[in-house]
Amino acid sequence: MTSPIQTTVSRRTAAKTVLFVSLGIALALSILVSAGTGQLAIPPQEVLGSLLHRIGIDWLPLPEHPAGDQTLWAIRFPRVAMAVLIGAALAVAGLLMQAIFGNPLAEPGVIGISSGAAVGAGLSIVFGLTFFGEWTTAVFAFIAGLGATLLVYLMSRADGRTEVVTLVLTGIAVNAIAGAGIALLTFLGDTQSREQIVFWQLGSLAGSRWSQVLIIAPVVAAGLLAAYFAARKLDLLALGERNARHLGVNVEALRIAMIFVVALLTGVAVAFAGIISFVGLVIPHLMRMILGPAHLPLVTASALGGALLLTLADLAARSLVPMADMPIGMLTALVGGPFFFWLLRRTRKRSGGWG
């Protein structure tokens with residue numbers, strides 16, 4: 001006779017399998033559709049045929065249009081790859097933030113990464129810096145994002161410990177200062193610089209290239225591996241700091257390591273795509289509602305969910321308005337904003353009010 005515990009475990013296993021398969025199929029389909037959508041429409045079977053042809057499999061037809069294959073590999077596929085990688089990076093970063101703060105409302109922007117990166121990008125744009133050639137804006141954004149995170153962390157430490165409340169409040173202060181810095185740079189810049197700063201803040205994957213994919217892919221892979229290795233400790237941390245310490249977890253070291261991973265994942269995403277909000281808030285929370293609190297499957301589910309959301313958002317950005325490329329950060333905010341309101345109401349009801 002099957003016990004209730006065995007039944008619960010089998011149900012959770014089935015839910016994981018169904019979710020992973022569903023997310024994987026949906027992501028694959030969204031990649032094919034997204035790569036084939038644009039001014040030059042390419043059917044999904046021809047997109048898949050082009051992919052398979054590159055690995056020596058000629059089962060499906062290549063694009064009929066003479067420029068179809070070149071369009072896919074020079075423009076469409078790099079952009080889709082960036083959407084997948086950045087979506088996964090932001091979602092996993094959000095999951096780690098929620099884990100170390102023990103709060104489903106936490107997301108990477110809390111510790112100043114995005115706003116700091118915006119200041120770095122603004123400095124590069126307004127003052128016409130070219131230290132790193134075409135990569136200057138991305139490099140400055142990445143360095144400034146990591147610098148803001150380091151500043152928040154150092155200012156929130158006291159007596160060898162990092163207090164979560166102080167960390168969040170310091171992050172809010174740094175975000176406010178960064179916002180003032182962005183406003184000042186916008187004021188100082190000329191018309192073209194202002195337009196660049198505003199467009200960068202709204203987020204976009206336009207102009208993505210394979211060289212960018214080759215930079216961001218190893219960083220995202222390293223961040224995912226770190227999240228997998230820390231998953232068991234994050235499960236113990238969910239029991240409370242005191243219990244986690246009794247079970248052998250160095251809470252302070254874990255928190256430092258995860259904040260660094262979050263800064264790395266978010267910093268590299270923001271550096272190349274601008275500010276894309278709410279992916280790190282919406283996806284981890286949805287996956288947790290379906291799978292439960294265990295972080296090992298949540299890392300995989302969040303990565304797949306984030307990649308799917310950003311791929312679909314990028315598809316919408318390129319297709320909703322004919323002959324235009326909408327800011328992708330605006331679309332994710334339109335989806336994430338209402339979800340955040342719902343999440344606030346749900347959290348408030350569960351806790352019986354805020355105070």
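Any read-out appearing in this document is the output of simple, stated calculations on the displayed coordinates, not a laboratory observation. As the structure is a computational prediction, the values presented were derived from the model and not from experiment. Here the Cβ positions follow ideal geometry from the backbone for every residue, glycine too, while neighbour counts run over all protein chains shown.
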> Which peptide among 186-196, 85-95, 115-125 comes first, and what is the full order, when sorted by highest mean count of other Cβ atoms within 10 Å?
Replying inline: 85-95, 115-125, 186-196
> Using θ = phi - 60° and the Karplus curve 6.51 cos²θ - 1.76 cosθ + 1.60, what whole-Hz ³J(HN,Hα) does each residue of segment 315-328 get, with Gly and Pro shown as x?
Replying inline: 4, 5, 4, 8, 10, 5, 10, x, 6, 9, 10, 6, x, 5
> For the residues Leu72, Leu239, what sequence is obtained by ranking on other C-beta atoms within 10 Å, fewest first?
Replying inline: Leu239, Leu72
> Rounded, prolate or oblate: which fits segment 75-225, taking a ≥ b ≥ c as square roots of the Cα gyration tensor eigenvalues, rounded meaning a/c under 1.5, else prolate when a/b beats b/c?
Replying inline: oblate
> Ranked by Cβ crowding within 10 angstrom, fewest neighbours first, how are His65, His285, His295 ordered?
Replying inline: His65, His285, His295
> Based on the mean of other beta carbon atoms within 10 Å per residue, what is the order of 217-227, 307-317, most packed first?
Replying inline: 307-317, 217-227
> Each residue of segment 92-103 in turn: what ³J(HN,Hα) in whole Hz from Karplus with 6.51, -1.76, 1.60 and θ = phi - 60°, glycine and Pro shown as x?
Replying inline: 5, 4, x, 4, 5, 4, 5, 6, 6, 8, x, 9
>> Can you work out the Karplus-derived ³J(HN,Hα) for every residue in segment 243-256? Use 6.51 cos²θ - 1.76 cosθ + 1.60 with θ = phi - 60°, whole Hz, and x for glycine or proline.
In response: 5, 4, 5, 5, 8, x, 8, 7, 4, 5, 5, 4, 5, 4
> What order do you get for 29-41, 102-114, 49-61, 262-274 when each peptide is scored by the mean count of other beta carbon atoms within 10 Å, highest first?
Replying inline: 262-274, 102-114, 29-41, 49-61
> If you rank Phe339, Phe101 by fewest surrounding Cβ atoms within 10 Å, what's the result?
Replying inline: Phe339, Phe101
